[in-house]
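The values are calculated or read from the model by the stated rules, or taken from the named source; none is laboratory data. Given the structure is predicted, the values throughout are model-derived calculations rather than measurements. Glycine also receives a Cβ, built like all others from the backbone with ideal geometry; neighbour counts cover every protein chain displayed.
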Amino acid sequence: MCGIVGIIGKENAADILLQGLEKLEYRGYDSAGIYVTDGQGENHLIKSQGRIADLQKKITGELTGTIGIGHTRWATHGRPSERNAHPHTSENGRFTLVHNGVIENFEEIKQEFLQNNSLGGETDTEIVVHLIAHFSKTAENTKTAFKQALKVIKGSYAFALIDNQEPEIIYVAKNKSPLLIGLGEGFNVICSDAMAMLQETNHFVEIADGELVIVEKENIQIEDQKGNLIFRESYEAQLDLNDIEKGTYPYYMSKEIDEQPSVMRRILEQYTDEQDQIHVEASVVAEAAECDRIYIIACGTSYHAGWAGKRLLEDLAGTPVEVHLSSEFSYNMPLLSEKPLFLFLSQSGETADSRQVLVKVNALGYPSLTLTNVPGSTLSREAKHTLLLHAGPEIAVASTKAYTAQIAVLAVLAAAVGAKKQNPAASVFDLTAELSLTAAAMETIVDEKMMISQLVESFLSDTRNAFYIGRGMDYFVSMEAALKLKEISYIQAEGFAAGELKHGTIALIEEGTPVIGIITEEATAAHTRGNLKEVESRGAKTLRIVSESLAGKQDQLIIPTVHPLLTPLVSVVPTQLIAYFATLHRGYDVDKPRNLAKSVTVE
Ligand code: F6R
């Protein structure tokens, strides 16, 4: 959420910033800006409402400068506008700043320190640059002024600051929001995500919360809150530029849907030993086998994956599981069991709602495990254990391959814990074989995507609302299917437990309301079919996604039958394609839906 880039020590700073911002656009895309200086008094501040492409259009001449910072915004305080876009400058133009996060006490800061400033914008960030300028009047240097400001500020932040009087430094600080330093030869960069600067370097240094970093072209200096110097090794980013390009695909979402079968195979490769047996780090399995209850904590799509994970862990590992929304958990914490294990599901590993639960869990001294796609992410660093999803970078805002990767890795964990606990259900479940079959089944659906496109064109044309219904695993997938449809096509969609409709919601069914039923479980198939009949009798038009073994002539979307514990991996694929094509047919941007951003780093 919001992306930051910075560069010091390269001739074409503006180009590098713009390229970096394009890579970070998934983090927010309502406005953007860059600031570049040559250190000799030639300074350029260019901002624009809209996308990076809109910002690029505003740049007509050459922007000379070897140092600069840039920002792509997802508005929290203040509507998207050029005025509210970052970078922000102090009144005298000396300081320029970009920010990712939320300053919680900005009103108090304004009252206490900035009564005499004229503040034109509506953002919390603007307050910070004025506060630094305010302290600089009495502080011995900019570092001290920056530190004084950091002491006053409450909230989450990643800051990059340039002082025109010291144009050989970018000052950087972070708390809760992600920020990395990239190391080059004769230059250094900063970025919210390594992929933004991969073209320049693949060596990065992490910054911990509360640290301040002085970034110069040949050197970086990290200080903790007490002013102690910190020496930290760099690491090599395991990212390939090809993984973050769209290739021949029109949208990342389409590429990422197609990648799912290979992600399943990669997960098997990563989590099997030489004898093709499921293998998970012993300490993780031991921790999960010893706990008396697993609390899955997640948001959005990851939360939906958690429900499928509950079934897997309870069936295969025999451990009770509760699934909770991160944003609700801390404030409605249930009575905990005696030996809980907290399992954080997060594609990005940066989600603020989940992180605030992890901070509490750590403070209470309970063990935690993060399943994430991003090695080195905050939730990974701060949890006791990590299991990686190995899905490759997910760039489309709507999550697809991370959802299926989460369920697959949860299956791996459940199988490994079940084996350790000698749970009979685990001993008769051959995950390696079943997941391979599942990958092939996903491939079959992906290959038939044009048929789904045609189906969607008539089925979802012009509608303002739609329902997905199912029972058990099919209900869990219905929730995810509805989220996917609404977030990108803007069709108001609800994922409903099929049996629950008649208890109230059926009142919303009218002539032509689209209702999609998911039917993959033998035990519930007849009931869900009955529920579809009930809505048809009230005018709904229905579409059935049905496993081959349960399918009848009238069913429109037949999907291969796989092991009952793995059906979400297959049944979700047509629903992802339905959302994708409904959005294409409506002419919206599939990868960058309105109001959203990937990696939600504010609570
Ligand atoms: C929807 C989507 C979101 C995320 C949610 C959690 O397509 O992507 O609902 O699943 O914001 O994000 P992570 O998994 O990064 O914690």
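Mind listing whichever residues of segment 545-603 are farther than 30 Å from ARG79 by Cβ, among the small types (Gly, Ala, Ser) and not in a loop (DSSP other than H, G, I, E, B)?
Here is the first cut: in segment 545-603, the ones farther than 30 Å from ARG79 by Cβ are 545-578, 581.
Next, from what is left, pick out any that are among the small types (Gly, Ala, Ser): 547, 549, 551-552, 571.
The answer is SER547, SER549, SER571.
Does segment 403-438 hold any residues that are surrounded by fewer than 24 Cβ atoms within 10 Å (Cβ to Cβ) and either under 14 Å from the mean Cα position of the chain (by Cα) or in a loop (DSSP other than H, G, I, E, B) (or both), and which are they?
Hits for segment 403-438 are LYS421, GLN422, ASN423, VAL428, PHE429, ASP430.
For every residue, the table says whether it meets (1) out of contact with any Ser or Thr (no Cβ under 6 Å at 6 or more places or on another chain); (2) modelled with pLDDT under 95; (3) in the same structural domain as LEU179 (by TED's automatic domain parsing).
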| residue | (1), (2), (3) |
| --- | --- |
| ASP315 | yes, no, no |
| LYS339 | yes, no, no |
| PHE344 | no, no, no |
| ASN362 | yes, no, no |
| TYR366 | yes, no, no |
| THR370 | no, no, no |
| GLY376 | yes, yes, no |
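Would you say SER337 is touching a strand residue (DSSP E or B) at 6+ places or on another chain (Cβ under 6 Å), within 13 Å of the ligand (Cβ to nearest atom), in contact (Cβ under 8 Å) with a residue 12 or more places away in the chain and over 17 Å from VAL417 (Cα atoms)?
Values: touching a strand residue (DSSP E or B) at 6+ places or on another chain (Cβ under 6 Å): yes; within 13 Å of the ligand (Cβ to nearest atom): no; in contact (Cβ under 8 Å) with a residue 12 or more places away in the chain: yes; over 17 Å from VAL417 (Cα atoms): yes.
When the stated conditions are applied, SER337 does not pass them.
Give the residue, chosen from ALA32, ALA14, that is assigned by TED's automatic domain parsing to the domain that holds LEU179, surrounded by fewer than 24 Cβ atoms within 10 Å (Cβ to Cβ) and modelled with pLDDT of 95 or more. Before the answer, list the steps.
Working: ALA32 fails: surrounded by fewer than 24 Cβ atoms within 10 Å (Cβ to Cβ).
Just a single option satisfies the conditions, and that option is ALA14.
Taking the options ASP273, ASP292, ASP240, name whichever one is within 22 Å of ALA439 (Cα to Cα) and either surrounded by 15 or more Cβ atoms within 10 Å (Cβ to Cβ) or not small (Gly, Ala, Ser) (or both).
Details: ASP292 fails: within 22 Å of ALA439 (Cα to Cα); ASP240 fails: within 22 Å of ALA439 (Cα to Cα).
Among ASP273, ASP292, ASP240, only ASP273 is within 22 Å of ALA439 (Cα to Cα) and either surrounded by 15 or more Cβ atoms within 10 Å (Cβ to Cβ) or not small (Gly, Ala, Ser) (or both).
Yes or no: segment 457-464 includes at least one residue that is at pLDDT 95 or above, of a type in the set (Asp, Glu) and away from the ligand (no atom under 16 Å from the Cβ).
Among the residues of segment 457-464, not one is at pLDDT 95 or above, of a type in the set (Asp, Glu) and away from the ligand (no atom under 16 Å from the Cβ), which makes the answer no.
Taking only segment 380-429 into account, find how many residues are of a type in the set (Gly, Ala, Ser) and away from the ligand (no atom under 12 Å from the Cβ). Break it down into steps so the answer makes sense when it comes.
Going through segment 380-429, the residues of a type in the set (Gly, Ala, Ser) turn out to be 380, 383, 391-392, 396, 398-399, 402, 405, 408, 411, 414-416, 418-419, 425-427.
Now drop any that are not away from the ligand (no atom under 12 Å from the Cβ), which leaves 383, 392, 408, 411, 414-416, 418-419, 425-427.
Matching residues across segment 380-429 total 12.
Output the residue which, of all residues in segment 580-599 that are touching a Ser or Thr at 6+ places or on another chain (Cβ under 6 Å) and among the hydrophobic types (A, V, I, L, M, F, W, C), is farthest from the ligand (Cβ to nearest atom).
PHE581
Tally up the residues in segment 330-385 that are in contact with a Cys (Cβ under 8 Å, 6 or more places away or on another chain) and assigned to a helix (DSSP H, G or I), please.
2
For VAL321, indicate whether it is in contact with an Asp or Glu (Cβ under 8 Å, 6 or more places away or on another chain), in the same structural domain as THR438 (by TED's automatic domain parsing) and buried (at least 21 other Cβ atoms within 10 Å of the Cβ). Don't jump to the end; show me each part of the working.
Values: in contact with an Asp or Glu (Cβ under 8 Å, 6 or more places away or on another chain): yes; in the same structural domain as THR438 (by TED's automatic domain parsing): yes; buried (at least 21 other Cβ atoms within 10 Å of the Cβ): yes.
Spelling it out, VAL321 is indeed in contact with an Asp or Glu (Cβ under 8 Å, 6 or more places away or on another chain), in the same structural domain as THR438 (by TED's automatic domain parsing) and buried (at least 21 other Cβ atoms within 10 Å of the Cβ).
Would it be correct to say that GLU42 is assigned by TED's automatic domain parsing to the domain that holds PRO80 and surrounded by fewer than 19 Cβ atoms within 10 Å (Cβ to Cβ)? Explain how you work it out, then say what you get.
Details: assigned by TED's automatic domain parsing to the domain that holds PRO80: yes; surrounded by fewer than 19 Cβ atoms within 10 Å (Cβ to Cβ): yes.
Yes.
Could you check segment 194-301 for helices (runs of 4 or more DSSP H) lying wholly inside it with 1 or more residues that are on the phi < 0 side of the Ramachandran plot and more than 22 Å from the chain's Cα centre (by Cα)?
260-270, 282-290
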